[in-house]
Amino acid sequence: MRALPAVTGRDAFAALVVRTDYQDDQAWQDVAALIEPSEDRQYEAHIHFIDDPAWAGATVDEVLTVVCADDNLAVVFLADRTTMEAESHALLAVTTMTREECGDDEDYEQLTEFGREFRTIPAGIHDVHANLSIGNLGFEEYAAWAHDDPERIYRSF
């Protein structure tokens, strides 16, 4: 596994979006524009973007290795090749919670019943991040909603 740069300058309340695909700059600009907070959203989240080619092709495990030390981060969002190519620009939402942090196997199994990741439309980042940050909803609930969608995408409230 390669070493990636440390994440610096992220506000404790900011959602983290990591760009891992660098083949289409226009697609990335479109994704970023869809993520930016707007006045008509119920939940506002500050966004910390990682847009550094050093992260090109980074795997989920490589990203998690870098962000695992951040106790204020429950989920990380990856803008990968699928994000850039899909019409919905759905990002990959990945829980940062590990089996060890859950305390026991049963809690971790519940958290990851539908996997440790799911896709969300860009506007969904705000819902997911805000609710996970305050403990209003759990990762497993969002993963279940994505699982129930025909395209396996969480589509926001």
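The values are calculated or read from the model by the stated rules, or taken from the named source; none is laboratory data. Owing to the predicted nature of the structure, the values given are computational and were not obtained by experimental measurement. Using ideal geometry, Cβ is built from the backbone for each residue, glycine included, and neighbour counts are taken over all protein chains shown.
At a glance:
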read-out: Flag if Thr112 is in contact (Cβ under 8 Å) with a residue 12 or more places away in the chain and closer than 22 Å to Ile47 by Cα; value: no
read-out: Test for Ile125: is it among the β-branched types (Val, Ile, Thr), out of contact with any Cys (no Cβ under 6 Å at 6 or more places or on another chain) and touching a residue at least 60 places away in the same chain (Cβ under 8 Å); value: yes
read-out: Pick from the stretch 33-55, criterion modelled with pLDDT of 80 or more and not in a helix (DSSP H, G or I), ranking: surrounded by the most Cβ atoms within 10 Å (Cβ to Cβ); value: Ile50
read-out: Breaking point among (1) under 21 Å from Val7 (Cα atoms); (2) in a loop (DSSP other than H, G, I, E, B); (3) of a type outside the set (A, V, I, L, M, F, W, C), for Thr65; value: (2)
read-out: Only one of Ala56, Ala12, Ala90, Ala32 that is hydrophobic (A, V, I, L, M, F, W, C), touching a residue at least 12 places away in the same chain (Cβ under 8 Å) and in contact with a helix residue (DSSP H, G or I) (Cβ under 7 Å, 6 or more places away or on another chain); value: Ala90
read-out: Residue in the stretch 8-26 that is at pLDDT 95 or above and among the aromatic types (Phe, Trp, Tyr) present; value: yes
